[in-house]
Structure formats: structure tokens, C-alpha cells
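Take a look at the structure set out below.
Just so you know, all these numbers are worked out from the coordinates, no wet-lab data involved. Since we're looking at a predicted model, the values are computed, not measured. Quick reminder, even Gly has a Cβ in these numbers, built from the backbone with ideal geometry, and neighbours come from all protein chains shown.
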Amino acid sequence: MKRLILILAIMLMASTAWGSPFLVCDCQDDVTQYEIIFDGGTSIISDAVTADCTGGQKRINLDVGPLNLADGQHSLTGKAINLWGESVSTPFDFSKTVPVGLSGIGLSATP
């Protein structure tokens, strides 16, 4: 029982530290913002950040959690933007799935 409580406590701390899923891309030169459109909806403009980049490069680091996406399939398109214009649109498809639940849970005399 102590082991289960410890595992649950570690999982809770880890999930708090990691937070939501983030949309990221490779670091790149000469970008100031990104335009992201989820499921053909309204465009989101996200400032480019230097997180995990070197040499003045930047990337997107968009927290997807606050968007409250419904469970299921999603598609997005993204463009890099700078002073001179925007890149071609890049598509990305993903699925938001939540675990169904525990299976085979029980007590055991051995780990």
C-alpha cells in the first residue's frame, strides 16, 4: 500500500511539473512568430521563443492545454512568420486520447 501511495504521489508531482502538452518545432533562424490554426478554426499567433535553442534561433512553444480540445482526431496547420512574410503552411495531425481506465488492478503478495 505504501508503494502504491508513493507511486501515485510521484505521478502527481511529475504531472504538475510537466503541465500540458506543448506544440514545439525545430529551432530555426529568422522567425519572430508562428501562426497556428487548429481544426480549420481561428488562427493563433504565438511569439517565437529561444527555449532550448542556440545561436539566436527560435521555435514555437505553445501550451495546448488551455485550448480545451475535445477528445479525438485533430489537425493543425502552421506557418513561420518574420518581417518579410510567412512560410508555406505545414500540416500536422494528432489524436487526443484519454486512457479508458485501469485494468487488472488487484493486490498481490509480491511485486
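The table that follows gives values for the structure above.
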| read-out | value |
| --- | --- |
| Cβ-Cβ under 6 Å pairs, at least 6 apart or on other chains, the range 84-111 side touching a residue at least 40 places away in the same chain (Cβ under 8 Å), far side surrounded by fewer than 10 Cβ atoms within 10 Å (Cβ to Cβ) and assigned to a loop (DSSP other than H, G, I, E, B) | none |
| Count of residues meeting criterion [surrounded by 10 or more Cβ atoms within 10 Å (Cβ to Cβ) and not in a loop (DSSP other than H, G, I, E, B)] in the range 56-103 | 22 |
